[in-house]
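First comes the structure, then the notes that go with it.
The values are calculated or read from the model by the stated rules, or taken from the named source; none is laboratory data. Computed from a prediction, not measured in an experiment: that's the story for all the values here. Quick reminder, even Gly has a Cβ in these numbers, built from the backbone with ideal geometry, and neighbours come from all protein chains shown. Ligands, DNA and RNA are stripped out before the accessible areas are found, and what is left, the full protein with its side chains, is counted by its heavy atoms. Shrake-Rupley method; radii C 1.70, N 1.55, O 1.52, S 1.80 Å.
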Amino acid sequence: MKSETMEWKTLIWIYFLQTSVIQANMVRNWSKNGAICTNASANIVFALDTSFSIHESSFRQQLAFVQRIISHFSIGKQEVRVAVLTFGSDVIHDIEFDDFDDKTALIAAVGNIRYRGGSTNTSAAIKHAREVILSEKNVRENSAQINIIITDGNSVDNHATVIEASISRSLGIKLVAVGVGAGPDRRELQDIASDRRALVDRTGMYDTDSLDSKLVFTVEDFSLLSDIEEMLSTVTCKEIQLDHLSNNTEYEKEAATQSCTGKAADVMFLVDASSSISSPNFRRMLEFTDTVMAFFDTRSSGTRVGLTSYSDDVNVVIPLNNAYSSQNMEARIAATPQLTGGTNTGRALQFVRGIFKTHSRLYVDRVVIVLTDGQSADPELTKQESRALKDMGVRMVVIGIGDQVDTVELLTMAGEDNIQSVLTLDNFHALPDISSTIAVKVCGHVDTKLPKYINDQEKSRCGGTLPTDVMYVYDGHSVGTEANSKTISTISAMIKATSNSVYNVRSGILNHVCEHVKSLDLSAHISASDMKNIITYSQSKNIPRLLQELRVDSFQRARGARRNSNKIAVIFIFNQTGDYTETFLELRRLSLQGQVKTFLVYVGNTIPVELKLHLEKANWNHTHFMQINELTDLKRFVPKFTQELCNN
């Protein structure tokens, strides 16, 4: 712990010397009694589960844990203030911020909190912490706001919990989720918790404490809470310190710039220009857009930005494939007229989807940033078009402004797997405060640099003069409808990405998805649109049998393969455990032919031990193996594959 502390001190000190912005009085001190987070101003709310699933003795262990956490902080009116609520079926406000300035008295009061029982109404606890305890009248200006939720089970209303957590995060409240035992759903804890903050150094690297990017902690039992005591205290202190740092404009700009440097993406701003927005507020949105655009690395990395405003109609202010200078873009933004009229967000998303379909690049991340002040005129169309954009691999960042926005609709637009990209603001004056945050949210998820071999002006053939034959292999029978759909969509994107004049690629599919739609040979000249005809249910062969057919038959000239072509197989394996012996035996036989290069894509949160052993034994080239955690991330393989295809 001491070495970790020194490393943290050193990182902050170096950063302060470089920026000359913040004084070095924010570093932690340590005493003989453990970590003391000093020179920090924060409002911390503990939300403690007191439901019937927790035995009273375990509840007492929970209280003792909170007491130990409090002991790590300097308590006082100008330092850290602590409030405590308990939640079962109802929420009880046990300790308020102003009840105790003395640490000893506060710790004693925590020990006297009563156990009450009830259900697990987590959403009500998060809402009460935000609207009552952390309300504007109760918190100090420029103080960090942190809500630590401890629970042993799933909430009674997951949807409401996700919404309340999203609202709290959008208002700047840090949410820390502590799950105890086997009851809590890891996904729900992730949906509750805030992203872990990190200090950005001059190289663009991040200082983190854990592999988990969220503020989530888990233990198997209440008696083991002491195992995470020091880490939770340390991370909470760091979050407080970084909150103070981020209040500094120069630090925010530095973090955003570092996050966006060297990142390639296609980014479209979609700005509400309806009559419900006053002219000054519309100008504020345009100024915000101009500020965020300035963070993107448009010169060296190949990032492209566009701007579209909308009401009942749609107005393209800056096309996505523009060649404007920064000065011209700034002038065009400033001259953007307000359309007035209704809020037809669905139609605007439909229009933007058309732009991405015809003008965006498949080998970079694609993002839409939506700014709106109200509910869309056609919520169903908005929902459909948001889903269609996400199916194309486009990520959405949604900003709702004012009290007329529909939070549920904002979350629907972003998607359940992307709730961290929804922000709600009380008013338009708050927009400048989040400009750096939005840049980081966009660039922090972009991991693709512009491939060196892509040049819009130079359509030279990639990979030399030899043609390339690619076979896609997956077992559609055993993975279910959703996995089939995502795989089909991904293969479609890969085929489209390699079907232009830069490549000389012929593609085929080996799946046997049903009796009347057989695998598609290389000679079938498949296009992206052909993929829509592939059926999801199947009388299927398993992966080893499909690989055997691939080896024996698929790359024969009678099946459409070319004599001197590069031959590539892309094999998808889904979240399954079992014996991979036959699969790797067939892969070995395939490699012994010396002609086929193989890419293996595993879709699942954790690589099974059996698969790991086979990968190690086979000394598999890591550049040709990729793990993808979720089905929704499957399209992330597309840029990697196209680059490898070109390199080879």
Worksheet entry | Wholly within segment 36-146, helices (runs of 4 or more DSSP H) carrying at least 3 residues that are touching a residue at least 40 places away in the same chain (Cβ under 8 Å), touching a helix residue (DSSP H, G or I) at 6+ places or on another chain (Cβ under 9 Å) and over 21 Å from T161 (Cα atoms) | 56-71, 103-111
Discussion item. For the structure I just gave you, tell me whether H128 is out of contact with any Gly (no Cβ under 8 Å at 6 or more places or on another chain), crowded, with 17+ Cβ neighbours inside 10 Å and not hydrophobic (A, V, I, L, M, F, W, C).
Written reply: yes
Practice prompt. Evaluate segment 360-380: report whether one residue or more is acidic (D, E), open to solvent by less than 70 Å² (accessible area, probe 1.4 Å), touching a helix residue (DSSP H, G or I) at 6+ places or on another chain (Cβ under 8 Å) and touching a residue at least 40 places away in the same chain (Cβ under 8 Å).
Written response: yes
Worksheet item: Quick check: anything in segment 559-573 surrounded by fewer than 18 Cβ atoms within 10 Å (Cβ to Cβ) and free of Cβ contacts under 8 Å to residues at least 24 places away in the same chain?
Response: yes
Practice prompt. Would you check if I488 is open to solvent by less than 10 Å² (accessible area, probe 1.4 Å), under 28 Å from N542 (Cβ atoms) and either modelled with pLDDT under 55 or touching a helix residue (DSSP H, G or I) at 6+ places or on another chain (Cβ under 8 Å) (or both)?
Written response: no
Worksheet item: Does segment 166-184 hold any residues that are modelled with pLDDT of 90 or more and either in a helix (DSSP H, G or I) or within 22 Å of the chain's Cα centre (by Cα) (or both), and which are they?
Response: I173, K174, L175, V176, A177, V178, G179
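Results for (1) open to solvent by less than 30 Å² (accessible area, probe 1.4 Å); (2) over 22 Å from D378 (Cα atoms); (3) of a type in the set (K, R), shown as yes or no for each residue.
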site	(1), (2), (3)
V305	yes, yes, no
S311	yes, no, no
L320	yes, yes, no
R332	no, yes, yes
A335	no, yes, no
L339	no, no, no
N344	no, no, no
A348	yes, no, no
F351	no, no, no
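The rows are residues; the columns are (1) surrounded by 21 or more Cβ atoms within 10 Å (Cβ to Cβ); (2) under 26 Å from L224 (Cα atoms); (3) among the polar types (S, T, N, Q).
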| residue | (1), (2), (3) |
| --- | --- |
| V82 | yes, yes, no |
| T86 | yes, yes, yes |
| D101 | no, no, no |
| T104 | no, yes, yes |
| G111 | no, yes, no |
Worksheet item: Could you give every pair whose Cβ atoms fall below 6 Å, whose first residue belongs to segment 179-190 and is at positive phi, and whose second residue is modelled with pLDDT of 85 or more and basic (K, R), counting only separations of at least 6 or pairs across chains?
Response: none
Worksheet item: Of all residues in segment 68-112, which are aromatic (F, W, Y) and modelled with pLDDT under 95?
Response: F73, F97, F100
Discussion item. Give all pairs with beta carbons closer than 6 Å in which a residue from segment 219-245 that is in contact (Cβ under 8 Å) with a residue 40 or more places away in the chain meets a residue that is hydroxyl-bearing (S, T, Y); count only pairs at least 6 apart in sequence or on separate chains.
Written reply: F222/S58; L245/Y251
